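The values are calculated or read from the model by the stated rules, or taken from the named source; none is laboratory data. Remember, it's a predicted structure, so these values are computed and weren't measured experimentally. Backbone-built Cβ (ideal geometry, glycine too); neighbour counts: all protein chains shown.
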Amino acid sequence: MTSTRTSPVQAVEDALRRFFADRRDEAAAIGPACVDAVTELETYVLRGGKRVRPTFAWLGWLGAGGDESADGATAEAVARVGAALELFHAAALIHDDVVDAALTRRGAPAAHVMFAGLHRDRCWNGDAELFGTGAAILTGDLAQGWAEDLVHTSGLPAPALARVVPVWSALRTEVLCGQLLDVTAEAAGEEDIDTPQRVNQYKTASYTVERPLHIGAAIAGADAELVAAYRTFGRDIGVAFQLRDDLLGVFGTPEETGKPSGGDLIQGKRTVLFAAALRYADERDPDAAKFLRTKIGTPVTDDELTAMRAVITDVGAVDHVERDITRRTERALAALRSSSATDYAKDELTAMAISATQRTS
């Protein structure tokens, strides 16, 4: 971003802080438990994060003709929609950590772990973990409800809001159904590659890149051709983003990812990487395939984790995923280059695409 342009990250941060300030007294009037929930949610949302989704929405708007300098009121409304995306993202992460029984998020205790600790510190009755789970789910629900509020009170002109609402609805449905596909595939022990690819498309690509861009385009009233180009770019970059995340989930260090080393293997995640490893191992080394099937989703030792990583690499699964990331990135950038998006948006989206698919954390 140049110095003469508004930073979407800062605009969204400001919108979030104002929103929480407005809602804090409302929660306090209801009761102390609500204050705890809002405090945790505010800390959770403002603790960090790259604000990827709001930035894609912002660039989608600018790329379709939005003008931040000429239309400050709409720019502020776009920032509030971006804040809604961050609240929805927080809800998804809080619930995801409950589903996965994850202990940390962004280098801090996951929400359900924090609430369980609060229960123990205050010597309350009942099971601390059960309380933590329930409080985290409800806090995530609150974030999702407030995300809806932010969209509908964003200040968008009525025609723009009418265009955005069905896209927002699609985003919400796709990510929740993608999450359901994910937990079902894990429970059923799915081994095909098509299932995790669908999970990647709906759980990650839709609400990380594709629909945020679509929302920005809808605010600006973009034509069908630009929307189609944005969605092609968004699907491919979003899936490539998740494929990179899958690699980090197996090979990343806690210092890089903020998560336990090899966490995806220990949790039994049925990723494209693991499905490719099984396919290639079945063809080339059946004993290695049996080893992977036996150890996935179990509390493996450090040596076993090292051995699983070696198998996944040696049979060619890592190369398979890296090729797919490259192919999808190239296809996405080609769609973007041939689109009618502004040059500024093209340059910024290209940089974001490279950053998202080549990151190490």
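Points worth noting:
- Failed criterion for ALA84 (all others in (1) within 18 Å of the chain's Cα centre (by Cα); (2) in contact (Cβ under 8 Å) with a residue 40 or more places away in the chain; (3) surrounded by fewer than 23 Cβ atoms within 10 Å (Cβ to Cβ) hold): (3)
- Of all residues in region 226-245, those being in contact with an Asp or Glu (Cβ under 7 Å, 6 or more places away or on another chain) and touching a residue at least 24 places away in the same chain (Cβ under 8 Å) number 4.
- Residue match in region 52-66 (condition: at pLDDT 90 or above and among the charged types (D, E, K, R)): yes
- Looking only at residues in region 246-269 that are in contact (Cβ under 8 Å) with a residue 60 or more places away in the chain and β-branched (Val, Ile, Thr), the one that is nearest to GLU304 (Cα to Cα) is VAL250.
- When restricted to residues that are of a type in the set (A, V, I, L, M), within 18 Å of the chain's Cα centre (by Cα) and closer than 16 Å to LYS346 by Cβ, region 210-235 contains 1.
- Condition met for LYS290 (without any contact (Cβ under 8 Å) to a residue 12 or more places away in the chain and assigned by TED's automatic domain parsing to the domain that holds GLY189): yes
- The residues of region 193-225 that are aromatic (Phe, Trp, Tyr) and either more than 17 Å from TRP58 (Cα to Cα) or without any contact (Cβ under 8 Å) to a residue 60 or more places away in the chain (or both) amount to a single one, TYR202.
- Elements of type helices (runs of 4 or more DSSP H) contained in region 264-357, each with 3 or more residues being under 24 Å from the mean Cα position of the chain (by Cα) and within 23 Å of GLN242 (Cβ to Cβ): 272-284, 317-337, 343-357
- The residues listed here are THR173, THR153, THR133; of these, the one that is among the polar types (S, T, N, Q) and in contact (Cβ under 8 Å) with a residue 60 or more places away in the chain is THR153.
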